[in-house]
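Here the structure comes first, spelled out in structure tokens, and everything after it is commentary.
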Amino acid sequence: MSITRTQPVLLIHGGAWAMPDDAIEAHQHGIANALRAGWSALERGGTAVDAVEAAVTVMEDDDTFDAGRGSFLTRDGRVQLDALLMNGENLRTGGVACVERLRNPIQAARLVLDKSPHVYFVGSGAEQFAAEHGMNLIANADLIVPRERDRLTAFLAHEASGGTDTTFSGEPTLHSHDTVGAVALDRHGNVAAATSTGGTLAKAPGRVGDSSLIGCGCYADNLSAAVSLTGWGEPIMKLVLGKWAVDRIAAGSSPQQAAIDAIDYLYTRLGGHGGIILLAPDGSIGLAHNTPRMAWGIANPQGHQLGITRN
Ligand code: GLY
């Protein structure tokens, strides 16, 4: 008797925004590293959950992205991180939000998924749960990089001047979308999704965005698809856009059409900006964004490919 194996697929993103030319190389490098880590988990026979956790961990560890160390700062100059991981085989889910002392919030989300009867922890309770399960608690300062201190200072000066101070150039809704995410399909035919973020530039302390909310910035179900989003969180949350997109696939859309439709809906309904990746259990993928650029990578048995697409 032969056992049919699914061909694994890993699709990741490293943000969709007005990425400047001088940030492209770092994004390509970070995406390539994350792709290697996630793909090696799948090649070793790991699950889709293992693969998305591994890929997102690498991007959290890379200062380039708005996830883990190097994230955008809150108005009061701290890093507050949100992450969600979901298993499409059984809908088991783990989420953390507003954590300040974890280097890898996606690993805390994995612990919640694996070890807790609950689904979602926030703040000090999330940190305590992670510490009880073996994760190190670090100083918040260890997550802060000088680039982000300078960016926050420039943004606050720009805001205080009523827009006349030009040290900060750019529109925040187009300049702070460097959230990372991954969707994977393993050889058993199961999909999973993970999303991790430091949120938006100069967010109010305690603000939680779309990334770690089920069905908003992340969702996975073998009966439809796995999805991860990046973008300005508030419109994505109001539209529950991740679930909206996978439901279209369940209703017969291709992942690519669902990706295009989701970004159109985000813009036409609420003027939102962002990017989306989708992966169906048959291995078909979708990707769309309405930002100037989006960083992405895909791995399958045929090889690895990465890109920074432009609009
Ligand atoms: N998409 C990231 C956030 O708005 O928090």
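The values are calculated or read from the model by the stated rules, or taken from the named source; none is laboratory data. For clarity, every value in this text was computed on a predicted model and none was experimentally measured. Neighbour counts are summed over all protein chains in view; Cβ atoms, including those assigned to glycine, are modelled from backbone coordinates with ideal geometry.
Kindly indicate whether any position in the range 84-91 is more than 16 Å from the ligand (Cβ to nearest atom), assigned to a loop (DSSP other than H, G, I, E, B), surrounded by 24 or more Cβ atoms within 10 Å (Cβ to Cβ) and more than 15 Å from the chain's Cα centre (by Cα).
So far as the range 84-91 goes, yes, one or more of its residues are more than 16 Å from the ligand (Cβ to nearest atom), assigned to a loop (DSSP other than H, G, I, E, B), surrounded by 24 or more Cβ atoms within 10 Å (Cβ to Cβ) and more than 15 Å from the chain's Cα centre (by Cα).
Can you pull out the residues in the range 194-208 that are within 10 Å of the ligand (Cβ to nearest atom), outside any loop (DSSP other than H, G, I, E, B) and either among the basic types (K, R) or farther than 15 Å from A126 by Cβ (or both)?
Those that are within 10 Å of the ligand (Cβ to nearest atom), outside any loop (DSSP other than H, G, I, E, B) and either among the basic types (K, R) or farther than 15 Å from A126 by Cβ (or both): T195, K203.
Residue check, E234 against (1) of a type outside the set (S, T, N, Q); (2) out of contact with any helix residue (DSSP H, G or I) (no Cβ under 8 Å at 6 or more places or on another chain); (3) within 19 Å of V180 (Cα to Cα); (4) not in a helix (DSSP H, G or I), all met but one. Which one?
So E234 meets the others, but not (4).
Is it true that some residue in the range 52-68 is on the phi > 0 side of the Ramachandran plot and either assigned to a helix (DSSP H, G or I) or surrounded by 22 or more Cβ atoms within 10 Å (Cβ to Cβ) (or both)?
yes
Only one of (1) near the ligand (Cβ under 10 Å from one of its atoms); (2) over 20 Å from G297 (Cβ atoms) fails for L241. Which number is that?
It fails just one condition, (1).
Among all residue pairs at least 6 apart or on different chains, which show Cβ distances below 6 Å where the first residue, located in the range 223-245, is under 15 Å from L91 (Cα atoms) and modelled with pLDDT of 95 or more and the second is within 13 Å of the ligand (Cβ to nearest atom) and assigned to a helix (DSSP H, G or I)?
Close Cβ pairs satisfying both conditions: V227/G242.
Report the residue count in the range 118-135 for those that are assigned to a loop (DSSP other than H, G, I, E, B) and either closer than 14 Å to D82 by Cα or out of contact with any helix residue (DSSP H, G or I) (no Cβ under 9 Å at 6 or more places or on another chain) (or both).
1
For the range 251-310, which residues satisfy the criterion of being surrounded by 24 or more Cβ atoms within 10 Å (Cβ to Cβ), free of Cβ contacts under 8 Å to residues at least 60 places away in the same chain and among the β-branched types (V, I, T)?
The answer is I263, I276.
Among (1) part of a strand (DSSP E or B); (2) in contact with a Gly (Cβ under 9 Å, 6 or more places away or on another chain); (3) farther than 27 Å from R75 by Cβ, there is one condition A259 misses while meeting the rest; what is its number?
For A259, the exception is condition (1).
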